[in-house]
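Asker: Take this structure first; my questions come after.
Just so you know, all these numbers are worked out from the coordinates, no wet-lab data involved. This is a predicted model, so every value here is computed, not measured. Every residue, glycine among them, receives a Cβ derived from its backbone with ideal geometry; neighbour counts consider all protein chains shown.
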């Protein structure tokens with residue numbers, strides 16, 4: 001190829017690169033916005049769940065999930081943005097392998113943490129009296145999952161490489177130019193190996209989906225049963241209260257009748273104060289009569305003078321009732337908190353399914369077809385990056401379903417706005 005032909009070849013290749021870059025511009029802007037939002041959101045999540053004095057196993061899992069998502073948003077997403085700038089001119093084969101390795105490792109770790117969170121919620125809601133994950137066990141489990149994901153991702157150093165890709169031009173004299181694209185190896189000897197690894201990924205994702213369906217499905221059934229028992233208990237207690245009120249009313253009515261019909265009315269304690277008779281004879285007719293009836297001191301005019309203090313047995317009974325009510329309220333608050341947390345993590349799992357489904361559809365298409373320039377289509381590149389969205393969605397879901405988290409986010413932005421307005425005033 002002479003210098004003129006080479007210059008024309010390079011010009012056509014550059015033109016194709018620029019055309020692709022323009023077509024990827026909406027995706028690049030979208031990924032940049034997601035990276036910024038996800039980075040800030042996951043930093044807030046790490047701080048929020050990290051400041052608790054006695055974190056539960058779920059708090060530990062969420063904290064590590066946020067740390068993984070932070071790496072995705074702050075490092076990996078910017079790496080995939082850079083990839084779109086050099087998508088058909090990927091020069092480094094080692095760089096290609098490392099990029100896929102880290103993407104695979106971190107994203108799969110995030111998936112496995114979501115998987116173990118679903119099991120943790122199932123244990124806490126459906127089997128609360130059996131052995132639960134402790135905070136220490138949660139940390140060990142995350143490290144194990146991190147190692148499993150690492151072992152699963154090492155294969156990318158073998159199956160991923162820079163391949164040559166023919167790109168069609170609009171010049172009849174030079175119908176195509178050659179680009180370099182980071183993707184699965186086109187080596188025929190690795191075709192079966194790549195297929196097996198993709199099947200392994202598919203089985204893992206299906207296993208995670210089935211686990212979500214089983215755990216959160218049983219949680220839903222358990223909650224429905226508990227709500228049914230509660231409603232039945234409330235109805236029973238309401239009936240008892242109504243019957244008890246009727247009995248009291250009947251007893252009071254019968255007591256009033258007895259008092260009206262009785263000729264010999266007697267009180268518990270009757271005392272007459274005649275101390276003034278010696279000093280003033282005119283006041284002897286106005287004898288001060290004081291009656292103590294059921295703990296109340298009443299004068300002759302029916303005015304309550306004082307109320308006697310309840311005995312120790314009554315105090316102890318009242319204290320037991322108060323403690324019992326407080327304990328029940330506390331249990332109800334804990335149960336409600338656990339349920340809200342379960343709903344939140346279920347929403348996170350649904351977000352995971354939505355984000356990963358398009359990716360695996362494209363992966364299946366890639367597996368059954370030969371890699372060509374059709375894979376460079378914007379919609380394909382957009383869906384290939386859909387797993388990254390899950391790392392951005394998680395903090396948004398936390399903000400929607402956790403009122404304390406939402407309040408914490410509002411306080412942070414409120415302080416930032418206050419400082420900004422204060423600086424402007426100065």
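Asker: Given labels modelled 7 Å from the Cα in the Cβ direction, how far is it in nm from residue 11 to residue 127?
Answerer: So the label points at residue 11 and residue 127 sit 7.2 nm apart.
Asker: A further question on this structure: What list do you get for 9, 64 if you sort them by fewest beta carbons within 10 Å?
Answerer: 9, 64
Asker: Can you tell me, using C-alpha contacts under 8 Å and at least 6 residues apart, the relative contact order of segment 115-200 as a whole percent?
Answerer: 19
Asker: Where does the Debye-calculated log10 I(q)/I(0) of segment 60-105 sit at q = 0.22 Å⁻¹, using only Cα point scatterers of equal weight, no solvent?
Answerer: Relative scattering, expressed as log10 I(q)/I(0), comes to -0.78.
Asker: Can you give the extra length, in nm with one decimal, that the chain gains between residue 218 and residue 416 once fully stretched, where that is 0.36 nm per residue apart less the Cα-Cα distance?
Answerer: Between residue 218 and residue 416, full extension yields an extra 67.0 nm.
Asker: Can you compute the FRET efficiency between residue 324 and residue 364 using 1/(1 + (r/R0)^6), with r the Cβ-Cβ distance and R0 = 45 Å? Round to the nearest 0.05.
Answerer: Working from the Cβ atoms, E equals 0.15.
Asker: For residue 210 and residue 94, calculate 0.36 nm times their separation in residues minus their Cα-Cα distance, and state this gained length in nm to one decimal.
Answerer: This chain segment gains 38.1 nm when fully extended.
Asker: Pop a pseudo-label 7 angstrom from the Cα along the beta-carbon direction at both residue 37 and residue 201 and give the gap in nm to one decimal.
Answerer: 2.5
Asker: While we're here: Please give, to one decimal in nm, the separation of the simple spin-label points placed at residue 139 and residue 52, each 7 Å out from Cα toward the Cβ.
Answerer: Spacing of the two 7 Å Cα→Cβ label points: 1.6 nm.
Asker: Something else: What residues from segment 34-75 fall in the zone where the backbone N is under 13 Å from a label point 7 Å along the Cα-to-C-beta line of residue 404?
Answerer: 48-60
Asker: Can you give me the pair-distance distribution of segment 25-81, C-alpha pairs, 10 Å bins, whole percents?
Answerer: Over segment 25-81, the share of Cα pairs per 10 Å bin runs 26, 44, 21, 9, 1 percent.
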